[in-house]
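Asker: The structure that follows is given in the form of structure tokens.
Only the coordinates and a few stated rules stand behind these numbers; no lab work does. What you are looking at is a predicted structure, and each value in this text was computed from that prediction instead of being measured. With ideal geometry, Cβ positions are generated from the backbone for all residues, glycine too; neighbour counts draw on all protein chains shown.
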Amino acid sequence: MKMKIEDHIAFTANHKDWKVGDKLVMMEDHKIAHFLASVSNTVNLKIPEYLTDVMDIARIRNLAEEIGEKEPWEVLKTLKSPGTSRKLNPMIFEDDKKLKKLLLDAAKALLAREALSKKFPVSYPEEPIRELRTTLMYNEDHINFTAKHGSWIVVKRLIIDDKTPMADVARILASINETTVSKIPVYAGIDLKGIEGWFGDIKKAKSDSEIKALVDKLLTIPIEQYAPEEFAGHAKVYALRIALQKVGLSIDVPSKSLEKYLEKS
């Protein structure tokens, strides 16, 4: 007899002194959205910690502080500038050019998240998961994220031992974040197409005037038109993501870049 898996979403992390977890079984759409947002906030807080072996997180944060003091449009311009990439380069502990570029993708996203957090909401309104509210699925050190709701089934799991590179933990956390980012709008009723339409007259923002126009649109978006009131705060983060695409920036560490780095290193 096949065991029927109940609809649920669960996240557990057990590594060194990080022991947290939660599970959702009341699968109403709005509860799913809130839970996923909480998971996203949780993993994003920890990703930098797991990248300290491959990049100088303290220096990246200092650079973010410096950039974050500028006007909002200048923050975007600076993050996008080749000069910023040149500043980031020595902060990455890798000599191989191709591998360095993959880590640079992650460093740029971290820098953008940190710098932009001074001007815009980059996290969701939910509290991150800070304690263990469910049973750990494994005795071993691990990161585990599972979800089943209707036809949506996902399993993202990493068992951590002495040989596990810390960047691999960052990779799984980034991958979990990507899943939450793709699913929150579905369950929160956020109209991504509508938000994209709001920025529709700006194809790419390269010049100062284009970046200023983009930021102006971001600051004046009538967000209540694109999301239920309960998820207006979440929709603002998506508006930021969509605006950033116009300048080729992201606040989400790309798991694929870390995956390729780990495969090739």
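Asker: Those residues that are of a type in the set (S, T, N, Q) and either loosely packed, with under 15 Cβ neighbours inside 10 Å or under 20 Å from Val253 (Cα atoms) (or both), I need them from segment 13-26; list them, please. Step through it out loud before you land on a result.
Answerer: Step one: list which residues in segment 13-26 are of a type in the set (S, T, N, Q), which gives 14.
Those that are of a type in the set (S, T, N, Q) and either loosely packed, with under 15 Cβ neighbours inside 10 Å or under 20 Å from Val253 (Cα atoms) (or both): none in segment 13-26.
Asker: Applying the selection to segment 187-207, what residues are in contact with an Asp or Glu (Cβ under 9 Å, 6 or more places away or on another chain) and touching a residue at least 60 places away in the same chain (Cβ under 8 Å)?
Answerer: The answer is Tyr187, Ala188, Gly189.
Asker: If you scan segment 217-240, which residues turn out to be part of a helix (DSSP H, G or I) and either of a type in the set (Val, Ile, Thr) or without any contact (Cβ under 8 Å) to a residue 60 or more places away in the chain (or both)?
Answerer: Start the filter on segment 217-240 by keeping residues that are part of a helix (DSSP H, G or I), which leaves 217-220, 223-225, 229-240.
Of everything in segment 217-240, those that are part of a helix (DSSP H, G or I) and either of a type in the set (Val, Ile, Thr) or without any contact (Cβ under 8 Å) to a residue 60 or more places away in the chain (or both) turn out to be Lys217, Thr220, Ile223, Glu224, Gln225, Glu229, Ala232, Ala235, Val237, Tyr238, Ala239.
Asker: Here is a follow-up. Which of the numbered conditions does Glu65 fail, given that it passes all the others? Conditions: (1) charged (D, E, K, R); (2) over 20 Å from the mean Cα position of the chain (by Cα); (3) farther than 17 Å from Val253 by Cα.
Answerer: (2)
Asker: Something else now. From the residues in segment 242-265 that are among the basic types (Lys, Arg), over 14 Å from Ile202 (Cβ atoms) and in contact (Cβ under 8 Å) with a residue 40 or more places away in the chain, which one is surrounded by the most Cβ atoms within 10 Å (Cβ to Cβ)?
Answerer: First, pick out the residues of segment 242-265 that are among the basic types (Lys, Arg): 246, 256, 260, 264.
Restricting the remaining residues to those that are over 14 Å from Ile202 (Cβ atoms) gives 256, 260, 264.
The next check asks that each one be in contact (Cβ under 8 Å) with a residue 40 or more places away in the chain; those that pass are 260, 264.
Details: Lys260: 17, Lys264: 10.
Within segment 242-265, the match that is surrounded by the most Cβ atoms within 10 Å (Cβ to Cβ) is Lys260.
Asker: Filtering segment 27-62 down to residues that are surrounded by fewer than 21 Cβ atoms within 10 Å (Cβ to Cβ) and of a type in the set (A, V, I, L, M, F, W, C), which residue is farthest from Phe11 (Cα to Cα)?
Answerer: Filtering first and then ranking leaves Ala58.
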